[in-house]
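The values are calculated or read from the model by the stated rules, or taken from the named source; none is laboratory data. Keep in mind it's a predicted model, so treat the numbers as computed, not measured. Positions of Cβ are generated from backbone atoms using ideal geometry, with glycine treated the same way; all protein chains shown enter the neighbour counts.
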Amino acid sequence: MQTLPFTYSARNLGRSRLRLLLSVMGSAMVVLLVLAAGGFVRGMTTGLERTGDEANVMIVGIGSEESIERSEIPASVASLLDASVPGLRTAFGTTFVSPEVQVQLPVVAGAGSPEGRLVLVRGVTPTALLVHSQCQIAQGHWPRSGHNEILVGQLAHTKLGVSAAALAVGSTVNIDGRDWIVSGRLAAPRSVIDAEIWMPLADLKEATRRLTDSCVIATLGTGPGAAEFADVAAFARQRLDLEITAMTESSYYARLAGFFAPVRAVVWITAGLIGLGGVFGGLNTMYAAFASRVRELGMLQCLGFRRSAIVLSMLQESCLATASGALLASAAAVFFLDGVAVQFSMGAFGLLIDAPALLVGLGAGLLLGLLGTIAPAYRCLKLPISESLKSI
Amino acid sequence: MSEPLIQCRSLTRTYTRGTETITPLERLDLDVMPGEFLALMGPSGSGKTTLLNLIAGIDRPTSGTLHIGGIDVGGLSRSRLADWRSRAVGYIFQLYNLVPVLTAYENVELPLLLHRMSGADRHSRVAAALDLVGITDRADHYPRQLSGGQEQRVAIARAIVADPAILVADEPTGDLDKASAAAIMELLGRLSREAGKTLIMVSHDPACAAHAGRILHLDKGRLVEHAAATVGAAGVTT
């Protein structure tokens, strides 16, 4: 099949600047929405996935595998695990075993809601920074036990509905009726920990009047003699007295991600429906573009160009317009949407406009061009050539 | 004596619009010799353009046969017919039908894109066609930058660039002033005489038709009169 020159398709875009503007901006709006949806889904999924580490094993109470906040295990589990399972990761004589309490507490900060908002507060020891390798103190210092100090995640302000300045180092935050001083900022990019508040384990236990931990997180070693998940699972099974069970941290967060599948589906469906509206708008615009040159399409057939070659040229033309819109939307998404914080029940996450999200956006732009062209092209080309040539 | 290039036998074209059946061309017999310049005249609805479109391969007969250069054009599939058109026929329209977003050069080049040839060969052919119609100096102009007569010259260059045996022209001077029309007719006559093109032209204008070697009058889809032109393509009174 001999095709029409690409310049013909490209220059056709310039026939009506208003129509071109409508096509490009219409496509850009739809693609921006798809990118926002993609960024939401990617951000949420990646946030949960990155929070869980393949090398980490969690020990929780039996029956609490789906919610650590409900879990209660004896405080002795951490030391028992360290003593009973050789081959856990160590550094400078410290085993990567982190006993933790995780609890949602009402937090009031700055000019936020006076009743406070529920934020995941994690009671930790310094080994938490070893097992959660994605975390680091971005500003300030580790909270000292007994000094009412806390570390605040970089997205915690989003969860609290206050400005980042309200959680600056040195500011005071009220947690469950008691004031705490922000000693530092915790950075755990692209993970839900970024929206958490950390405080010393002993302080949280004292504040919540509990003696038990929620979980123990341990990192498996590497190389010969390293512990495997099965070793930790065997330990949990054998200690019937502790009523504990083991699971990998990644499987826990993957399961949590699964709980949000309906939310992600709703987001995609909404984006799809709006995209469908965009297709109808595109149909209208492209039909107007092609209907105005039915005679020219007849002339091209008269010269010997096949309908398939003309349809291909039309597709090039409309895809060029929608791809331009998609590129504009992609640039806008990278600059204005990427990293925008969104709160959800688990904390908060940043919209993630990464390569897969951008590919989905560009694909949506091209699909818009394809779907918006086929029907108008068919309608304009179905006329007999002799009829097309009479068109005004 | 050579064989006719175009042979129509009982050529009929019928259209159905709702419950109404229209027959713009009915049982037409016609032979056109190679190199002949034929003018089709008649009132509106007499079947001139229908016959022209059938010969150009952009319409198909309802019944009867149409052989052009030994090929049963009515029996070709849609894609073969498109290929045949690109090789055998150059169409000249009343309203030129140039692509507004392409330059004169690019418009003339369009039909050659359907043929396998090198860029250099294509360039030389386009240049030759533009030269033949006397519009070389306007090669880089867009149609909106050309006068009607110049646009029609570009359209003629586009029709002849692939060197088809047949040129069909539907009211080629219908949208031109008198001087431009005369120049275009002179050009078409020259193409017939010097390039040996078989030229079939629809016209309402007796002065234009007079440039043809033969004039056919159609009425209600039937051939009503054969006449030799008073001023033939070769400029001979017959």
*Name every residue in segment A:32-58 that is of a type in the set (D, E, K, R) and either more than 31 Å from the chain's Cα centre (by Cα) or not in a helix (DSSP H, G or I) (or both), in order of residue number.*
A:Asp53, A:Glu54
*Sort out for me the strands (runs of 3 or more DSSP E) sitting completely within segment A:177-264 that have 1 or more residues that are assigned by TED's automatic domain parsing to the domain that holds A:Trp142 and under 26 Å from the mean Cα position of the chain (by Cα).*
A:178-187, A:197-200, A:215-219
_Criterion (out of contact with any Leu (no Cβ under 9 Å at 6 or more places or on another chain), surrounded by fewer than 20 Cβ atoms within 10 Å (Cβ to Cβ) and part of a helix (DSSP H, G or I)) met by exactly one of A:Met29, A:Met25_ = A:Met29
*Where in segment A:295-392 are there helices (runs of 4 or more DSSP H), lying wholly inside it, with at least 3 residues that are under 42 Å from the mean Cα position of the chain (by Cα)?*
A:307-332, A:355-381
*When only residues in segment A:65-96 that are within 30 Å of the chain's Cα centre (by Cα) and without any contact (Cβ under 8 Å) to a residue 40 or more places away in the chain count, which is farthest from A:Met346 (Cα to Cα)?*
A:Arg70
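Residue-by-condition table, conditions (1) at pLDDT below 95; (2) assigned to a strand (DSSP E or B); (3) surrounded by fewer than 18 Cβ atoms within 10 Å (Cβ to Cβ):
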position	(1), (2), (3)
A:Ser98	no, yes, no
A:Leu105	yes, yes, no
A:Gly112	yes, no, no
A:Leu120	yes, yes, no
A:Gly123	no, yes, no
A:Ser133	yes, no, yes
A:Gly146	yes, no, yes
A:Leu151	no, yes, no
A:Thr158	yes, no, no
*Listed residues B:Arg78, B:Arg85; which is buried (at least 21 other Cβ atoms within 10 Å of the Cβ), more than 13 Å from B:Leu218 (Cα to Cα) and basic (Lys, Arg)?*
B:Arg85
_If I ask for residues that are within 16 Å of B:Asp72 (Cα to Cα) and not in a strand (DSSP E or B), which ones from segment B:8-19 would you list?_
none
*What's the number of the condition B:Ala127 fails, among (1) within 13 Å of another protein chain (Cβ to nearest Cβ); (2) without any contact (Cβ under 8 Å) to a residue 40 or more places away in the chain?*
(1)
*Hey, does segment A:193-214 have a residue that's within 24 Å of A:Leu81 (Cβ to Cβ) and free of Cβ contacts under 8 Å to residues at least 24 places away in the same chain?*
yes
*Note down all Cβ pairs under 9 Å where the first residue falls in segment B:71-99 and is facing another protein chain (nearest Cβ under 7 Å), the second is polar (S, T, N, Q) and in a loop (DSSP other than H, G, I, E, B), and they're at least six residues apart or on different chains.*
B:Ser86/A:Gln2; B:Tyr91/B:Asn97
*Scan segment B:20-69 for residues that are within 14 Å of another protein chain (Cβ to nearest Cβ) and part of a loop (DSSP other than H, G, I, E, B) and jot them down.*
B:Ser44, B:Gly45, B:Gly47, B:Gly57, B:Ile58, B:Asp59, B:Arg60, B:Pro61, B:Thr62
*Failed item, numbered, when A:Ile73 is tested on (1) more than 15 Å from A:Val131 (Cβ to Cβ); (2) touching a helix residue (DSSP H, G or I) at 6+ places or on another chain (Cβ under 6 Å)*: (2)
*Is there a residue being among the polar types (S, T, N, Q), out of contact with any Gly (no Cβ under 9 Å at 6 or more places or on another chain) and over 18 Å from A:Arg11 (Cβ atoms) anywhere in segment B:123-133?*
yes
*asked:* If I ask for residues that are in contact (Cβ under 8 Å) with a residue 60 or more places away in the chain and out of contact with any Phe, Trp or Tyr (no Cβ under 9 Å at 6 or more places or on another chain), which ones from segment A:216-226 would you list?
replied: A:Val216, A:Thr222, A:Gly225, A:Ala226
_Residue match in segment A:15-23 (condition: more than 14 Å from every other protein chain (Cβ to nearest Cβ) and in contact (Cβ under 8 Å) with a residue 60 or more places away in the chain)_ = yes
*asked:* If A:Leu4 meets every condition in (1) crowded, with 18+ Cβ neighbours inside 10 Å; (2) assigned to a helix (DSSP H, G or I); (3) within 13 Å of chain B (Cβ to nearest Cβ) apart from one, which number is that one?
replied: (2)
*asked:* So the check is Cβ under 6 Å with 6+ separation or different chains; which pairs have a first residue in segment B:100-115 that's facing another protein chain (nearest Cβ under 7 Å) and a second one that's outside any loop (DSSP other than H, G, I, E, B) and small (Gly, Ala, Ser)?
replied: B:Leu114/B:Ser86
*Considering only residues that are under 17 Å from A:Val121 (Cα atoms) and modelled with pLDDT under 90, look in segment A:163-186 and name the one that is surrounded by the fewest Cβ atoms within 10 Å (Cβ to Cβ).*
A:Gly177
_Of all residues in segment A:341-385 being within 14 Å of another protein chain (Cβ to nearest Cβ) and without any contact (Cβ under 8 Å) to a residue 12 or more places away in the chain, the one that is surrounded by the fewest Cβ atoms within 10 Å (Cβ to Cβ)_ = A:Lys382
_Of the conditions (1) polar (S, T, N, Q); (2) more than 14 Å from chain A (Cβ to nearest Cβ); (3) at positive phi, B:Ser118 satisfies every one except a single condition; which number is it?_
(3)
